[in-house]
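The values are calculated or read from the model by the stated rules, or taken from the named source; none is laboratory data. A quick note: this is a predicted structure, and the numbers were derived from the prediction, not measured. Glycine gets a Cβ as well: all are built from the backbone with ideal geometry, and neighbour counts include every protein chain shown. The accessibility values were calculated without ligands, DNA or RNA, using every heavy atom of the protein model including side chains. Shrake-Rupley method; radii C 1.70, N 1.55, O 1.52, S 1.80 Å.
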Amino acid sequence: MIARDSTVKRIKGRDIVIPEDQRLEVVRNIVYVHKARLGYEDDMFRVVEEERPNIILLGPNQPFNEDSLREELRKRGLGNMEVIRFNDYVDCPLCSTTKILKAISNKFSQGNSLP
């Protein structure tokens, strides 16, 4: 599930940089992803109830507690789904929107222009 722009804005506290359709297209093109779709603004578990995935994979920087997610899934009759946190974070200079924004800000604050 890809978070809606409004959800990202609420969680991150800033405007979105990469639109939801673009984020969705990137995830859809990961070879190991069977299906990706946009979430709902009102209930992030609604997509999970509709799709019933075997695994819910959380990224290393997603602000969700695995145990809380498992409990909510159990309450909704979805306790058989596996919740996994992907911790093999590859650090690279431009691998997140936040890092891209910082790099742009640093370039301009130093009086440099972008290539």
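Between 47, 26, 33, which is closer than 26 Å to residue 98 by Cβ and in contact (Cβ under 8 Å) with a residue 12 or more places away in the chain? Steps first, please.
On the way: 26 fails: in contact (Cβ under 8 Å) with a residue 12 or more places away in the chain; 33 fails: in contact (Cβ under 8 Å) with a residue 12 or more places away in the chain.
Criteria check complete, one pass: 47.
How many residues are in contact with a strand residue (DSSP E or B) (Cβ under 7 Å, 6 or more places away or on another chain) and charged (D, E, K, R) when one looks only at the range 1-28? Reasoning before the result, please.
Here is the first cut: in the range 1-28, the residues in contact with a strand residue (DSSP E or B) (Cβ under 7 Å, 6 or more places away or on another chain) are 2, 4, 20, 23-24, 27.
Pick out the ones that are also charged (D, E, K, R) and you get 4, 20, 23.
Summing the residues that are in contact with a strand residue (DSSP E or B) (Cβ under 7 Å, 6 or more places away or on another chain) and charged (D, E, K, R) in the range 1-28 gives 3.
Just to be sure I understand the filter: pairs with C-beta atoms under 7 Å, separated by 6 or more residues or on different chains, first member in the range 80-108 and under 25 Å from residue 48 (Cα atoms) and open to solvent by less than 100 Å² (accessible area, probe 1.4 Å), second member in a helix (DSSP H, G or I) and among the hydrophobic types (A, V, I, L, M, F, W, C). Which pairs pass?
Note: pairs meeting the criteria are 81/73; 83/69.
Being β-branched (Val, Ile, Thr) and open to solvent by 70 Å² or more (accessible area, probe 1.4 Å) is the filter here; which residues of the range 53-79 pass it? Walk me through it before giving the result.
Step one: of the range 53-79, the residues β-branched (Val, Ile, Thr) are 55-56.
55 - this is the single residue of the range 53-79 that is β-branched (Val, Ile, Thr) and open to solvent by 70 Å² or more (accessible area, probe 1.4 Å).
Do any residues in the range 51-66 that are more than 21 Å from residue 96 (Cβ to Cβ) have Cβ atoms under 8 Å from those of residues that are open to solvent by less than 70 Å² (accessible area, probe 1.4 Å) and of a type in the set (Lys, Arg), where the two are at least six apart or on different chains, and which pairs are they?
51/37
I'm trying to understand the selection: among the residues of the range 28-52, which are open to solvent by less than 90 Å² (accessible area, probe 1.4 Å) and either modelled with pLDDT under 90 or aromatic (Phe, Trp, Tyr) (or both)? Lay out the reasoning, then the answer.
Just the residues of the range 28-52 that are open to solvent by less than 90 Å² (accessible area, probe 1.4 Å), to begin with: 30, 33, 36-40, 43-49, 51.
Matches in the range 28-52: 30, 33, 40, 44, 45.
Out of curiosity, is residue 59 within 20 Å of residue 9 (Cα to Cα) and at pLDDT below 90? Break it down into steps so the answer makes sense when it comes.
On the way: within 20 Å of residue 9 (Cα to Cα): yes; at pLDDT below 90: yes.
Spelling it out, residue 59 is indeed within 20 Å of residue 9 (Cα to Cα) and at pLDDT below 90.
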